[in-house]
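The values are calculated or read from the model by the stated rules, or taken from the named source; none is laboratory data. Note that the coordinates shown come from a computational prediction; the quantities given were computed from them, not determined experimentally. Positions of Cβ are backbone-derived with ideal geometry, glycine not excepted, and every protein chain shown enters the neighbour counts. SASA here: full protein model, heavy atoms, side chains in, ligands and nucleic acids out. Shrake-Rupley method; radii C 1.70, N 1.55, O 1.52, S 1.80 Å.
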Amino acid sequence: MNLGTAWIIASKDLKSVRRKKSIFIGVILFPLLLAFLFPAVIALESRNGGIPASFLPELLNAFSFFFVIAVSTLPTAIASYSIVGEKVEKSLEPLLATPTTDREILLGKSIAAFLPPILATYASAVIYMVLIDYLTYPTLGYLNYPNVSIGIILLLVIPLTEILSIEASVIFSSRVNDVRAANQLGGLMFIPFMIIYLASELGVITLNNDNLLIIAGALLLADAALFYFSSATFRREEILTKWT
Amino acid sequence: MTRMIDAENLTKKFGGLTAVDNLTLHVDDGEVFGFLGPNGAGKTTTVRMLCCLISKTSGTAKVAGYDVGNEADAIKIRGLIGFVPDNVGLYEDLTAYENLDYYGKLYKVSEPQRKENIQRFLTLLGLWEKRDVAAGTFSKGMKQKLAIARALIHDPEILFMDEPTANLDPESAKTVREFILELKHQKKTIFLNTHNLDEAQRICSRIAILNTKLMAIGTPEELEHLTGARRTVIQLEQVTAAVLNALEKLSLGKIVQDGSKLTVETANPIKENPGIVQAVVEAGGRVQSVSVSSSSLEDAYLKLVREQK
Ligand SMILES: Nc1ncnc2c1ncn2[C@@H]1O[C@H](COP(=O)(O)OP(=O)(O)O)[C@@H](O)[C@H]1O
Ligand SMILES: [Mg+2]
């Protein structure tokens, strides 16, 4: 496998995505919205007497987890565009006729789907952490962020979630024939994460560090399993003869 | 001469359906090889096998000396060939230049060489002025030309084209054919899929007729002789019984009358036509024109394709 070739493919897809304003704006806007929404909630609450210091850390942990929920659907917007889009344009066949391997193409497309959401999420997370620290320092007396919990979320849970989302998109891409349908299927990726979040709200689980690590471990296993299926789906012959 | 393509008993099955059955053919360096057959004959399937896009079920094939079906050779083969698929598959949101540049990079063409080749081909195809325009806005003919330029960007040893004129208006089809002829003059080896007989006859140095199985192979002239009989068409002022009588006596092939036109089957028109004309004139026939039917390849083709059904 040649990483340079994968990068040629990734940069072309990134260029196309940058030109597709609707996708690009969506990918950037969604995490950015969270970065300002949650601090705004805290700021508004503080006018009504504020949230008690004992309750704050858990609330902030829940907020952090929302970045996972957001990122679970973002790569699918790019992956479905770059895979189903090429399928519809019939541009996969000449691409497959070049001296590239299936792995290089798949990796290239995965990189293109991976980078914009993670960069947008990291940038948004920084803005979010700064704003929250600024707003909650008077109540807490210490800086809540950065902490181990958001570290696990940003460095483990979010990348693993993105990978899962990309792999699922590849599998969906072989079954559908328009970008919107692929997108809608990919959009369903947020459901398991929403369930985890709701479970935490209902007190079934707590989103403490141990549990976040367990979630990361489960994601890793799911990634490995889907890696097998997605690379079996993204095979030259499969694409040309079975993807209809 | 080097063998560019060498296929032996190449076969592809899709489940129970045999798409290509025991195909044996070879293509030499510098040939423009026409692969002619009706829809569903297996042309696309054959090209996809030779380009290492899909696996073969059985048989062997070598392209530029490398083995089709061997994983390591497949990458080498794909690096040596250019491929114009039946659907052009351009990136509609990228410009003409960007489309070519991307493929140039994938074929590992150095940057200065890419620049040079892109300019050369776009100029040759009359698209240089449109280099910074999104390919999605191009006409079908322009898209087809761009797809051909894309397949040539790395100066391939063999160019595979899958029905490059099939969906074009006559005008664009003509420019594409002229470009293929231009490539022929430059001694490019070309494997041309087509269902257009006239195109194959005009462009190709050798033609194979495929209908799942290989039905015939040879130069256009060789194929014409496959049907045995050729036809002489005589246009008269009027066909009289005397004229018909005179022709019957010559013991030629079948004679068909269509108004004032007579079509006579002949084994060798060059030899037999003088006698035919003489007999007609002596019988009082007034000849307006005499011609040899040029559709004999079409007859050969139709005969071969129908025979199988
Ligand atoms: N992916 C596939 N699965 C099943 N059958 C196929 C597939 N691709 C082609 N075929 C069948 O193989 C035969 C040859 O098709 P093709 O090579 O596309 O013919 P052509 O290009 O000459 O029109 C046809 O009967 C077609 O239906
Ligand atoms: Mg075809």
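Think of a 1.4 Å ball rolled over the protein heavy atoms: the stretch B:227-295 then has 58 Å² of accessible area per residue. Length gained on full extension, B:D28 to B:A241, computed as 0.36 nm times the residue gap minus the Cα-Cα distance: 71.3 nm. If you take the square roots of the eigenvalues of the alpha-carbon gyration tensor of the stretch B:34-147 and sort them as a ≥ b ≥ c, do you get rounded (a/c under 1.5), prolate (a/b over b/c) or oblate? Because a/c hits 1.5 or more and a/b fails to exceed b/c, the stretch B:34-147 counts as oblate. Remark on the stretch B:86-132: accessible area falls by at least 30 square angstrom from chain-alone to full-complex state for B:N87, B:G89, B:Y91, B:D93, B:L94, B:E98, B:Y102, B:Y103, B:K105, B:L106, B:Y107, B:K108, probe 1.4 angstrom. Bridging of B:K13 to lysines at a Cα separation below 24 Å is possible for A:K87, A:K90, A:K242, B:K43, B:K56, B:K62, B:K213, B:K309, once same-chain residues fewer than 8 apart are set aside. Structure remark: mean-square fluctuation, Gaussian network model of chain B, C-alpha springs under 10 Å; the largest value among B:H185, B:H195, B:H154 belongs to B:H185. Per-residue Karplus couplings for the stretch A:15-31, computed as 6.51 cos²θ - 1.76 cosθ + 1.60 with θ equal to phi - 60°, are listed in order as 5, 4, 5, 4, 6, 8, 3, 4, 6, 5, 5, x, 5, 7, 5, 4, x Hz, Gly and Pro entered as x.
Each residue of the stretch A:145-159 is assigned a 3J(HN,Hα), and the resulting list reads 10, x, 9, 4, 4, 6, x, 4, 4, 6, 8, 10, 5, 5, x Hz, derived from the Karplus form 6.51 cos²θ - 1.76 cosθ + 1.60 (θ = phi - 60°), x at Gly and Pro. For chain A, adding -39500 (n - 2.57) for each run of n ≥ 4 DSSP H residues and dividing by the number of residues yields -27000 deg cm²/dmol at 222 nm. Can you grab the distance from the C-alpha centre of the stretch A:137-174 to the C-alpha centre of the stretch B:219-272, Å, no decimals? So the separation of the two Cα centres works out to 84 Å.
Based on the Cβ-Cβ distance of A:K15 and A:T241, what FRET efficiency does E = 1/(1 + (r/R0)^6) give at R0 = 35 Å, to the nearest 0.05? Write down the numbers at each step before the final one.
Working: r = 30 Å, r/R0 = 0.84.
Computed FRET efficiency for A:K15 and A:T241 comes out at 0.75.
Normalise the Cα radius of gyration of the stretch B:115-191 by 2.2 N^0.38 Å (N = residues in it) and let me know the number.
Details: Rg = 12.0 Å, N = 77, 2.2 N^0.38 = 11.5 Å.
So the Cα radius of gyration is 1.05 times the expected 2.2 N^0.38 Å.
Rolling a 1.4 Å probe across the protein heavy atoms gives the stretch B:3-218 an accessible surface of 38 Å² per residue. GNM on chain B, alpha-carbon springs under 10 angstrom: the most fluctuating residue among B:L159, B:L236, B:L50 is B:L236. In sequence order, the stretch A:103-117 has phi-based couplings of 4, 5, 5, 4, 5, x, 5, 5, 4, 4, 7, 7, 5, x, x Hz under the Karplus curve 6.51 cos²θ - 1.76 cosθ + 1.60, θ = phi - 60°, and Gly or Pro positions carry x. In terms of Cα atoms, the Rg and Dmax of the stretch A:3-237 work out to 19.3, 66 Å. Roughly how much accessible area, to the nearest 100 Å², goes out of reach of solvent when B and A pair up, both sides summed, probe 1.4 Å? In total, chains B and A hide about 2500 Å² from solvent. Between the stretch A:203-244 and the stretch B:52-75, what is the C-alpha centre distance in whole Å? Cα centres, the stretch A:203-244 to the stretch B:52-75: 33 Å. Calculated FRET efficiency, A:R180 to A:L221, Cβ-Cβ distance, R0 = 35 Å: about 0.70 to the nearest 0.05. Applying 1/(1 + (r/R0)^6) with R0 = 60 Å to the Cβ-Cβ distance of B:K271 and A:N2 gives a FRET efficiency near 0.40. Of the residues in the stretch A:1-48, those shielded by at least 50 Å² of accessible area once partner protein chains are present, compared with the chain alone at a 1.4 Å probe, are A:I8, A:K12, A:R19. Please list, by residue number, everything in the stretch B:240-270 whose backbone N is under 12 Å from a paramagnetic label point 7 Å out along Cα→Cβ of B:Q288. Counting only backbone N, you get B:259-262.
All Cα-Cα separations within the stretch B:169-309 were binned at 5 Å from zero, giving a P(r) of 2, 9, 16, 16, 13, 12, 12, 10, 7, 4, 1, 0, each value a whole percent of the pairs.
Counted residue by residue at 0.36 nm each, then reduced by the alpha carbon distance between them, the extension gain from B:N167 to B:N87 reaches 27.9 nm. Computed over protein heavy atoms with a 1.4 Å probe, the carbon and sulfur contribution to the accessible area of chain A reaches 70%. Bridgeable aspartates and glutamates around B:K143 (alpha carbons under 15 Å apart, same-chain partners fewer than 8 residues away excluded): A:E89, B:D86, B:E92, B:D93, B:E98, B:E129, B:D132, B:D162, B:E163, B:D169, B:E171.
The listed residues B:S291, A:S22, A:S230, once ranked by accessible area (1.4 Å probe) with the largest placed first, stand as A:S22, B:S291, A:S230.
Just flag the chymotrypsin sites (Phe, Trp or Tyr not before Pro) in the stretch A:2-64 sitting in loop per DSSP whose Cβ has no more than 14 other Cβ atoms within 10 Å. Provide the component values of the computation, followed by the final result.
Values: sites: A:W7, A:F24, A:F36, A:F55, A:F63; in loops: A:F55.
Filter output for the stretch A:2-64: A:F55.
Around B:R206, which amide H atoms from residues at least 5 apart in sequence, or from another chain, sit under 5 Å from its own amide H, with H modelled in the peptide plane? Residues meeting the amide H criterion: B:V32, B:G34. The candidates B:D169, B:D6, arranged from most to least accessible area with a 1.4 Å probe in the full protein assembly, appear as B:D169, B:D6.
Only lysines eight or more places from A:K21 in sequence, or on another chain, were considered; those with a Cα closer than 19 Å are A:K12, A:K109. Loop-resident trypsin sites (Lys or Arg not before Pro) (DSSP state other than H, G, I, E or B) in the stretch A:88-184 with no more than 15 further Cβ atoms inside 10 Å of their Cβ: A:K90, A:R175.
The antiparallel fraction among DSSP beta bridges confined to the stretch B:3-218 stands at about 55%. Using bins of 10 Å that start at zero, the share of Cα-Cα pairs per bin across the protein assembly as shown amounts to 3, 15, 20, 18, 14, 11, 8, 5, 3, 2, 1, 0, 0, in whole %. Mean projected area of the convex hull spanned by the Cα atoms of the stretch B:3-218, taken over all viewing directions: 11.4 nm².
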